[in-house]
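Below: the structure, in structure tokens.
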Amino acid sequence: MDLNVALLACVFLVVAVLALLSIRRKSSGNATAVSTAPPNAARPSISAEDPSKPCVRILYGTQTGTAERFSKQLANELRGKYGDSTTVDVRDVETYKPERLGAEKLVVMCMATYGDGEPTDNAAVFYSWLLKEAEAVENGDKEPFLQGVSYAVFGLGNKQYEHFNSVGKKVFKAMKACGATAVCRRGDGDDDGVIDDDFEKWCAELYEALDKSNDLVGKRADQNGVHAAPPARVAAYEVEVLRGAGGEAPAFPSGTGRDVHSPFWAKITTVRELHTPASDRSCVHVEVDVSGSGITYEAGDHIAIYARNGEAVVAQVAELLGFDLDARIKLSLPKDADAASGLPPPFPGPVTVRTALSYFADVLSSPHREALNALATFAADREEAARLVLLGSPAGKAEYAEFIGKPHRSLLEVLQAFPSAKPTIGAFFGCIAPRLQPRFYSISSSPKQHPTSVHVTCAVVKDAMPTGRVHEGVASTWLQRHGNGAAVPVFVRHSHFRLPKSAGTPVVMVGPGTGLAPFRGFLQERAALKNSGAELGPAHLFFGCRSRGTDYIYQQELEGYVSDGVLSNLHVAFSRDQSSKDYVQHHIEREAGALWPLIGQQGAHLYVCGDAKHMAKDVHKAFVALVEKGKTCSGTQAEMFVKELTDAGRYQRDVW
């Protein structure tokens, strides 16, 4: 009898071990934890916090994930410095109730600026509320209600944009207007430079200010003036491996498509190449059927597409980490509130590992230092672990730049370079692989002609990287190769990039390459208005490409709009069809005499779409020179006039 019991116990032990390891195809490496925790374990509520301890509330507004990453990095550092004497809470600002702001002791905000001075999608409501409250206080309609609240703001943006860090600047100013007290200067992170360095410099000032404060934070965890090490454990989801027969949940529950929280599974009905066979590049026209959704759009809006990693990439990651692609998993937040605080809500489940790697792991971007530190904890080889720790440390900044930054080495390549580092699947999705973000495209159609179809003009990204890897854009490559007939989650984001309310107002549009996209929608809009009997004002379009014979996209459509009177003047710059380069700004200069009366006397609206770093700046200079010549004024006066156009909504830019 004792022998039977012993044998039965062994059988149960073997089954348990096999269940734990079967998510991996290999027997080596770190096993993924199995948990029966609910898939959507709740975060600790604000009311559940210990009132006897100071609380640092960290709020982030993010579009690409950088502000979120910085917020979690800051939280870990503060926890390491102050230990259990201080509560540190990180929150997506969209989940934060603004009316609680007046009860806070210290609020730190990492706020990104998106587009041309706009808040990120998740920060839009909070941002609008705060600015309105500040305006009410400044107008004397409301008393300052944030007295006693201390705050700090780090803005994230790109200096190539005219409204650099506009959201961070306005949030900092609004908090002050409402009576709050800044603990340190506003931080300005420039994504065109090394934004991580900007953040670290600002954090050093913030830490110094907090160390000098009396009651904003608790007692330091270290008594010798040296920072304590951040918590050693890595942020990881608990993972339940599902056995037996059963299907999987969709990667995204199908919603209305009206916003980021409710993507709609749309069908792609058309994918066609726009370049000629003589071109060494590719640009595709894509049509997305949104019938049956809640999507409504206007010409000038954007569509977000959740494309997926290619099959080869997914297979490589699984092979390197020993993950079983067919295993069905369900993620949940840890029951420990502190362990869960740095994790976003898990993606829906159950899904196969294949689906999870396809839709939710960004493995083709360069990993950040925090990810390398986490990866180091899973490296079985001591030399590999030490190298990862160095790359992830402030002391290894130069090594990181040489190995990761300059060559743009991807996370996938890092996993290949450190084969002994095999994180659990909970840690891989929790703190090593960032979430794959949707790709935004300017809509190149008008609902007046295509009410249930959204058109996209997409340049296919294919670049040779310094490491020898050929980088293929996740979304553009997927659309080119697999899009036709496929279903894809999408949602629409509304913009302020709009035609004038009056059809008779003149318009000047500048959009080389895929910058043409929103203007194709504008022209469809104008064609529909003309067919309905509206009197159209003059319209100039400045389009640029390399050569008439390779990448003159939508040529027949554009020339047809000229013939039909929808477009008054079409100016095309072919940069490589002659010995000297010819760009759109050169055509603007040549047409200054015809354009100035439209701008100076007839109230024309100006639009620019495309590259922010070079083209948009050169076009801006051309507009300033045009005004200077037309008004016979100084350059400074011309700049002021163009700024007035911007403030009046007559000069709009959709640049990236």
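Give the residue, chosen from Ser358, Ser293, Ser262, Ser279, that is hydroxyl-bearing (Ser, Thr, Tyr), crowded, with 18+ Cβ neighbours inside 10 Å and outside any helix (DSSP H, G or I). Show your work before the answer.
Details: Ser358 fails: outside any helix (DSSP H, G or I); Ser262 fails: crowded, with 18+ Cβ neighbours inside 10 Å; Ser279 fails: crowded, with 18+ Cβ neighbours inside 10 Å.
Of Ser358, Ser293, Ser262, Ser279, the one residue that is hydroxyl-bearing (Ser, Thr, Tyr), crowded, with 18+ Cβ neighbours inside 10 Å and outside any helix (DSSP H, G or I) is Ser293.
So which residues in the range 546-560 are touching a strand residue (DSSP E or B) at 6+ places or on another chain (Cβ under 8 Å) and among the acidic types (Asp, Glu)?
Scanning the range 546-560 gives Asp551, Glu559.
Going by the structure shown, is Pro119 more than 16 Å from Lys173 (Cα to Cα) and not hydroxyl-bearing (Ser, Thr, Tyr)? Please lay out each step first, then the result.
On the way: more than 16 Å from Lys173 (Cα to Cα): no; not hydroxyl-bearing (Ser, Thr, Tyr): yes.
Considered against the rule, which asks whether it is more than 16 Å from Lys173 (Cα to Cα) and not hydroxyl-bearing (Ser, Thr, Tyr), Pro119 comes out as no.
On the basis of being crowded, with 18+ Cβ neighbours inside 10 Å and either at positive phi or without any contact (Cβ under 8 Å) to a residue 40 or more places away in the chain (or both), does Cys178 make the cut?
no
Could you look through the range 110-158, keep only residues that are without any contact (Cβ under 8 Å) to a residue 24 or more places away in the chain and within 25 Å of the chain's Cα centre (by Cα), and pick out the one that is surrounded by the fewest Cβ atoms within 10 Å (Cβ to Cβ)?
Top of the filtered list is Ser128.
Name every residue in the range 60-100 that is farther than 24 Å from Trp656 by Cα and aliphatic (A, V, I, L, M), in order of residue number.
Leu74, Ala75, Leu78, Val88, Val90, Val93
Suppose the filter is surrounded by fewer than 19 Cβ atoms within 10 Å (Cβ to Cβ), in contact (Cβ under 8 Å) with a residue 12 or more places away in the chain and at negative phi; does Arg590 pass it?
Against the criterion (surrounded by fewer than 19 Cβ atoms within 10 Å (Cβ to Cβ), in contact (Cβ under 8 Å) with a residue 12 or more places away in the chain and at negative phi), Arg590 does not qualify.
So which residues in the range 113-166 are in contact with a helix residue (DSSP H, G or I) (Cβ under 6 Å, 6 or more places away or on another chain), part of a helix (DSSP H, G or I) and of a type in the set (Val, Ile, Thr), if there are any at all?
Val137
Being over 27 Å from Lys501 (Cα atoms) and exposed (fewer than 14 other Cβ atoms within 10 Å of the Cβ), is that true of even one residue in the range 556-573?
Yes, the range 556-573 contains a residue that is over 27 Å from Lys501 (Cα atoms) and exposed (fewer than 14 other Cβ atoms within 10 Å of the Cβ).
Restricting the search to the range 386-421, which residues are crowded, with 18+ Cβ neighbours inside 10 Å, of a type in the set (Gly, Ala, Ser) and in a helix (DSSP H, G or I)?
Listed by number, the list holds a single entry, Gly396.
Does the range 605-651 hold any residues that are within 24 Å of the chain's Cα centre (by Cα), in contact (Cβ under 8 Å) with a residue 12 or more places away in the chain and surrounded by fewer than 22 Cβ atoms within 10 Å (Cβ to Cβ), and which are they?
Selection gives Asp611, Ala612, Lys613, Lys617.
Picking from Glu370, Glu383, Glu319, which residue would you name as being out of contact with any Phe, Trp or Tyr (no Cβ under 9 Å at 6 or more places or on another chain), modelled with pLDDT under 95 and within 28 Å of Arg469 (Cα to Cα)?
Answer to the selection: Glu370.
Under 6 Å between Cβ atoms, at least 6 apart or on separate chains: pull out the pairs that start in the range 270-294 with a residue that is of a type in the set (Gly, Ala, Ser) and end on any residue that is in a strand (DSSP E or B) and surrounded by 13 or more Cβ atoms within 10 Å (Cβ to Cβ).
As it stands, the answer is Ser293/Phe264, since those pairs meet every condition given.
Evaluate the range 448-462: report whether one residue or more is in a loop (DSSP other than H, G, I, E, B) and farther than 30 Å from Pro512 by Cα.
Scanning the range 448-462, I find no residue that is in a loop (DSSP other than H, G, I, E, B) and farther than 30 Å from Pro512 by Cα, so the answer is no.
When you scan the range 492-514, do you find a residue that is assigned to a helix (DSSP H, G or I), on the phi < 0 side of the Ramachandran plot, in contact with a strand residue (DSSP E or B) (Cβ under 6 Å, 6 or more places away or on another chain) and hydroxyl-bearing (Ser, Thr, Tyr), even just one? Give the steps one after another, and end with the answer.
From the range 492-514, those assigned to a helix (DSSP H, G or I) are 513-514; that's our starting set.
Now narrow it down to the ones that are on the phi < 0 side of the Ramachandran plot: 514.
If we keep only those that are in contact with a strand residue (DSSP E or B) (Cβ under 6 Å, 6 or more places away or on another chain) too, we end up with 514.
Retained after the next criterion (residues that are hydroxyl-bearing (Ser, Thr, Tyr)): 514.
Scanning the range 492-514 turns up at least one residue that is assigned to a helix (DSSP H, G or I), on the phi < 0 side of the Ramachandran plot, in contact with a strand residue (DSSP E or B) (Cβ under 6 Å, 6 or more places away or on another chain) and hydroxyl-bearing (Ser, Thr, Tyr).
Out of Asp362, Asp326, which single residue is acidic (Asp, Glu) and touching a Pro at 6+ places or on another chain (Cβ under 8 Å)?
Only one candidate passes the filter, namely Asp362.
Only one of (1) outside any helix (DSSP H, G or I); (2) surrounded by fewer than 20 Cβ atoms within 10 Å (Cβ to Cβ) fails for Ser445. Which number is that?
(2)
Glu287 fails exactly one of the following numbered conditions: (1) in contact with a strand residue (DSSP E or B) (Cβ under 6 Å, 6 or more places away or on another chain); (2) surrounded by 22 or more Cβ atoms within 10 Å (Cβ to Cβ). What is the number of that condition?
Only one criterion is unmet by Glu287, namely (2).
Taking the range 548-571 only, how many residues are farther than 20 Å from Cys458 by Cβ and of a type outside the set (Asp, Glu)?
Selection size over the range 548-571: 13.
For Ala517, state whether it is in contact with a helix residue (DSSP H, G or I) (Cβ under 8 Å, 6 or more places away or on another chain) and of a type outside the set (Val, Ile, Thr).
It is false that Ala517 is in contact with a helix residue (DSSP H, G or I) (Cβ under 8 Å, 6 or more places away or on another chain) and of a type outside the set (Val, Ile, Thr).
Within the range 525-550, track down each residue that is within 23 Å of Glu287 (Cβ to Cβ) and in contact with a Lys or Arg (Cβ under 7 Å, 6 or more places away or on another chain).
Glu525, Ala528
The values are calculated or read from the model by the stated rules, or taken from the named source; none is laboratory data. Owing to the predicted nature of the structure, the values given are computational and were not obtained by experimental measurement. We place every Cβ from the backbone using ideal geometry, glycine too, and count neighbours over all the protein chains shown.
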